[in-house]
Amino acid sequence: MSSKNKHNSIVFLTTLCLGLMFVGATPQVLTFAALTRNFDIQSEIEVKDDLDNKPDNEEIEGFSKDDFPSLFAQLLKEIKEEVKSGKISLPLQTDFYVDGEFHKSEFIGGGSAGGGGISSTVSNQNLSLLIQNAVNQKFQPKALELADYDSGKSKKVLIKVQADSKDLSLIIVLTKTDAKQFAEFLDREFSSRAVSVGNTLTKQIYAHSSAGSVADNNQVIIVTRLPRGSLDELLSEREGGK
């Protein structure tokens, strides 16, 4: 395995349009790459057998234990429990977002996270807190764990949970030295798990997850888009849909 692959990690490079999202742009601005870009990676990828085109085994194992779709599934299961208890009502609010930007420096306490904070437009307090906790405690640690330090010995991640009339989306944007190869690996993982998992909600999440790469800045964009038409039904199912 090449030394480049041995140093695989993720560093966030925020594009101009994504940057606008954090200075007051509407949720539609994020549509920049994650929601308007058609991540039909299968039409762009030539499957390679060369081991140098795959992430290290250690990285594969680390990502697979709790990848972003599975963490998103955990969040939706928590929302489902709140729906059952009556704390969250269906249908969910049509338009909302919860987003956060997080930083980690190699020079602060061996690498401490902070900065950026979280903003939310969710009207239901219980739903807002659930999503914010997921961003803080699930998505952020995973993204920073995988992240690379840049030349300035720091890394940054950007995370957004967004809803509109069509989809409920999780968007993770991150940068990798082998971005194209890593995105291809993620797509293969998502496709494989969409077939292998038995849980209805988790299967839907994997089936609607994809990853793409931006060649000029090694950016990887991971998107899960759940159609709103089936979401409320999935969240309202009893034990049959689990």
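In the stretch 152-169, the residues that are over 15 Å from P141 (Cα atoms) and without any contact (Cβ under 8 Å) to a residue 12 or more places away in the chain never reach a residue that is buried (at least 18 other Cβ atoms within 10 Å of the Cβ) and aliphatic (A, V, I, L, M) with C-beta atoms less than 8 angstrom apart, at least six apart or across chains.
The single condition from (1) farther than 16 Å from K160 by Cα; (2) modelled with pLDDT of 85 or more that G100 fails is (1).
When the stretch 189-211 is limited to residues that are more than 25 Å from N133 (Cα to Cα) and touching a residue at least 60 places away in the same chain (Cβ under 8 Å), the one that is nearest to the chain's Cα centre (by Cα) turns out to be E189.
Scanning the stretch 187-199 for residues that are over 21 Å from L146 (Cβ atoms) and surrounded by 15 or more Cβ atoms within 10 Å (Cβ to Cβ) yields A194, V197.
Inspection of the stretch 212-229 identifies at least one residue that is without any contact (Cβ under 8 Å) to a residue 40 or more places away in the chain and surrounded by 20 or more Cβ atoms within 10 Å (Cβ to Cβ).
The values are calculated or read from the model by the stated rules, or taken from the named source; none is laboratory data. Here the structure is a predicted model, which means the values were calculated and not measured. Note that each Cβ is placed from the backbone with ideal geometry, even for glycine, and that neighbours are counted across all protein chains shown.
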